[in-house]
Amino acid sequence: MEKPEIYGKYLFIERISVGGMAEVFKAVTVGLSGFKKVLAIKRVLPHISEDEDFVRMFVDEANIAGQLHHANIAQIYDLGRVDDTTFIAMEYVQGRDLRALFDRIKKKQTDIPVPLAAYVSSQVLAGLDYQTSRNKGDNSY
């Protein structure tokens with residue numbers, strides 16, 4: 001992305017990731033009195049936007065994740081459409097993603113240090129445990 005792109009009420013700063021179905025941008029929204037919020041926008045790719053089943057699953061993802069409140073689950077702020085594309089606005093988490101870590105480990109032809117693998121696994125499992133407990137009706141978290 002060479003220059004920022006205006007997308008509805010959001011300004012895309014950089015593209016973080018792209019896959020076969022969607023792309024993710026670091027974005028900012030500006031409000032009253034110079035209020036600014038940095039967030040991530042996950043946008044369905046234009047050629048997939050015509051697939052009603054995929055768009056329905058994408059909307060379901062936002063609706064389900066929007067009900068979850070846990071430190072290890074990105075918060076959902078908005079779900080909408082701009083032109084013909086559906087998007088989810090969510091919490092932007094600063095830092096490297098696991099794909100970058102895996103790529104670096106692979107390039108160095110080494111293994112992930114056990115303490116790091118254990119920590120990452122425990123954090124993922126904490127988020128999954130919360131979601132599983134919530135789905136069973138246990139709201140003790």
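Across the chain, Cα pairs under 8 Å and at least six residues apart give a relative contact order of 16 percent. This model, with +1 at the C-beta of Lys and Arg and -1 at the C-beta of Asp and Glu, gives the chain a dipole about its Cα centre of some 660 debye.
Adding -39500 (n - 2.57) for every DSSP H run of four residues or longer, then dividing by how many residues the chain holds, sets the calculated 222 nm ellipticity at -11000 deg cm²/dmol.
FRET efficiency for the pair K9 and S122, taken as 1/(1 + (r/R0)^6) with r the Cβ-Cβ distance and R0 = 35 Å, rounds to 0.40. In summary, the aspartates and glutamates within cross-link reach of K26, defined as a Cα separation below 12 angstrom excluding same-chain residues under 8 places away, comprise E5, E14, E91.
Read through the labelled values [x] 42, 33, 29; [y] 45, 44, 39; [z] 59, 36, 30 and report the label of the one computed as Cα extents along the principal axes in Å from the structure. Recomputing Cα extents along the principal axes in Å here gives the entry labelled [y].
Note on the chain: with a GNM built from Cα contacts shorter than 10 Å, the maximum mean-square fluctuation among T86, T29, T110 falls on T110. The distance between label points at E2 and L32 comes to 3.9 nm (points 7 Å beyond Cα on the Cα→Cβ vector).
Surface analysis of segment 33-117 yields an accessible area of 72 Å² per residue, using protein heavy atoms and a 1.4 Å probe. Label zone (R99, point 7 Å along Cα-to-C-beta; backbone nitrogen cut-off 15 Å) within segment 32-47: 41-45. Springs join every pair of Cα atoms under 10 Å in this Gaussian network model of the chain, and among L32, L45, L11 the largest mean-square fluctuation is at L32.
Among the GluC sites (Glu not before Pro) within segment 1-108, which fall in a DSSP loop and have no more than 10 other Cβ atoms within 10 Å of their own Cβ? Those satisfying the criteria are E2, E50.
Among the listed pairs K3/K36; K42/K107; K3/K107, those whose Cα-Cα separation exceeds 22 Å are K42/K107; K3/K107. With the charge dipole of the chain set up from +1 on Lys and Arg Cβ and -1 on Asp and Glu Cβ about the Cα centre, the Cα lying farthest toward the positive end among the listed residues S17, G127, L101 is that of L101.
The values are calculated or read from the model by the stated rules, or taken from the named source; none is laboratory data. On a predicted model such as this, the values are computed, not experimentally measured, just so you know. Glycine also receives a Cβ, built like all others from the backbone with ideal geometry; neighbour counts cover every protein chain displayed. Ligands, DNA and RNA are stripped out before the accessible areas are found, and what is left, the full protein with its side chains, is counted by its heavy atoms. Shrake-Rupley method; radii C 1.70, N 1.55, O 1.52, S 1.80 Å.
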